[in-house]
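Enquirer: Please find one structure pasted underneath; my questions will follow.
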Amino acid sequence: MNTSAVPHRSVVALAFHGLLNPIPYGCFVAALINDIVYARSGEVLWEKAAAWLLVIGLLAAIIPRLINLAQVWITSRTLATRTDRIDFWLNLVAIVLAIFNAFVHSRDAYAIAPTSVWLSIGTVALLAIGQIMVAVQRPATEARP
């Protein structure tokens, strides 16, 4: 009797990933909005709010990225598609950009304006591209028998 275990993705891990993954994206979008408002107004309050949103987004990104790492590269390698791997790398690069943005926000408030806006745009764009790729890919893979 040959019983080989078929790899599958954990329903609990997918539920936690689906629940926690939008939190960093929302924080990074809000940080982008705050960076743009700060660049237009010069009011330091917006810069401080963006810095806090970046930190909260980075902290909230830890658990979904660990789940994604386990799902894509460790436990269900055979189920992971090329799009899943590209989404993983896009998210990783976006988090690195957000870390650089957090370091930029640690400088003097008047020295961050153009750099922080571009880093925030890059972070949000990479996350959005990854989410769009996964959203477009999922219906096609679910329709297969």
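Enquirer: Would you check if Leu19 is surrounded by 16 or more Cβ atoms within 10 Å (Cβ to Cβ), in a helix (DSSP H, G or I) and not small (Gly, Ala, Ser)?
Expert: Spelling it out, it is not the case that Leu19 is surrounded by 16 or more Cβ atoms within 10 Å (Cβ to Cβ), in a helix (DSSP H, G or I) and not small (Gly, Ala, Ser).
Enquirer: Look at Ile36 and say whether it is within 20 Å of Ala109 (Cβ to Cβ) and modelled with pLDDT of 90 or more.
Expert: Answer is yes for this residue.
Enquirer: I'm trying to understand the selection: among the residues of region 93-114, which are free of Cβ contacts under 8 Å to residues at least 12 places away in the same chain, assigned to a helix (DSSP H, G or I) and not aromatic (Phe, Trp, Tyr)?
Expert: Of everything in region 93-114, those that are free of Cβ contacts under 8 Å to residues at least 12 places away in the same chain, assigned to a helix (DSSP H, G or I) and not aromatic (Phe, Trp, Tyr) turn out to be Val96, Ala111.
Enquirer: Okay, next question. For region 60-91, which residues satisfy the criterion of being surrounded by 15 or more Cβ atoms within 10 Å (Cβ to Cβ) and among the aliphatic types (A, V, I, L, M)?
Expert: Of everything in region 60-91, those that are surrounded by 15 or more Cβ atoms within 10 Å (Cβ to Cβ) and among the aliphatic types (A, V, I, L, M) turn out to be Ala60, Ala61, Ile63, Ile67, Ala70, Val72, Ala80, Ile86, Leu90.
Enquirer: Here are some residues: Ser106, Ser120, Ser116. Which one is exposed (fewer than 15 other Cβ atoms within 10 Å of the Cβ) and under 21 Å from Tyr38 (Cβ atoms)?
Expert: Every option except Ser106 fails the conditions.
Enquirer: Is it true that some residue in region 72-79 is touching an Asp or Glu at 6+ places or on another chain (Cβ under 6 Å) and not small (Gly, Ala, Ser)? It would help to see each step written out before you state the result.
Expert: Of region 72-79, the ones touching an Asp or Glu at 6+ places or on another chain (Cβ under 6 Å) are 72.
Still in the list and also not small (Gly, Ala, Ser): 72.
Looking for residues that are touching an Asp or Glu at 6+ places or on another chain (Cβ under 6 Å) and not small (Gly, Ala, Ser), one finds at least one in region 72-79, hence yes.
Enquirer: Which residues, counting only those in region 34-59, are under 17 Å from Leu126 (Cβ atoms) and more than 16 Å from the chain's Cα centre (by Cα)?
Expert: Result: Asp35, single match.
Enquirer: Please pick out the residue among Thr123, Thr83 that is assigned to a helix (DSSP H, G or I) and under 13 Å from the mean Cα position of the chain (by Cα).
Expert: Residue meeting the stated conditions: Thr123.
Enquirer: Quick one: what pairs do we get from region 23-39, first residue under 17 Å from Ile99 (Cβ atoms), second charged (D, E, K, R) and part of a helix (DSSP H, G or I), C-beta under 8 Å, 6+ apart or different chains?
Expert: Asp35/Glu47
Enquirer: Against the condition under 12 Å from the mean Cα position of the chain (by Cα), within 30 Å of Asp108 (Cβ to Cβ), at pLDDT 85 or above and assigned to a helix (DSSP H, G or I), how does Leu90 come out, does it pass? Break it down stepwise before answering.
Expert: On the way: under 12 Å from the mean Cα position of the chain (by Cα): yes; within 30 Å of Asp108 (Cβ to Cβ): no; at pLDDT 85 or above: yes; assigned to a helix (DSSP H, G or I): yes.
For Leu90, the condition - under 12 Å from the mean Cα position of the chain (by Cα), within 30 Å of Asp108 (Cβ to Cβ), at pLDDT 85 or above and assigned to a helix (DSSP H, G or I) - is not met.
The values are calculated or read from the model by the stated rules, or taken from the named source; none is laboratory data. Just so we're clear, the structure is a prediction, and the values are computed from it rather than from any experiment. Cβ coordinates were reconstructed from backbone atoms using ideal geometry, including for glycine residues, and neighbour counts include every protein chain displayed.
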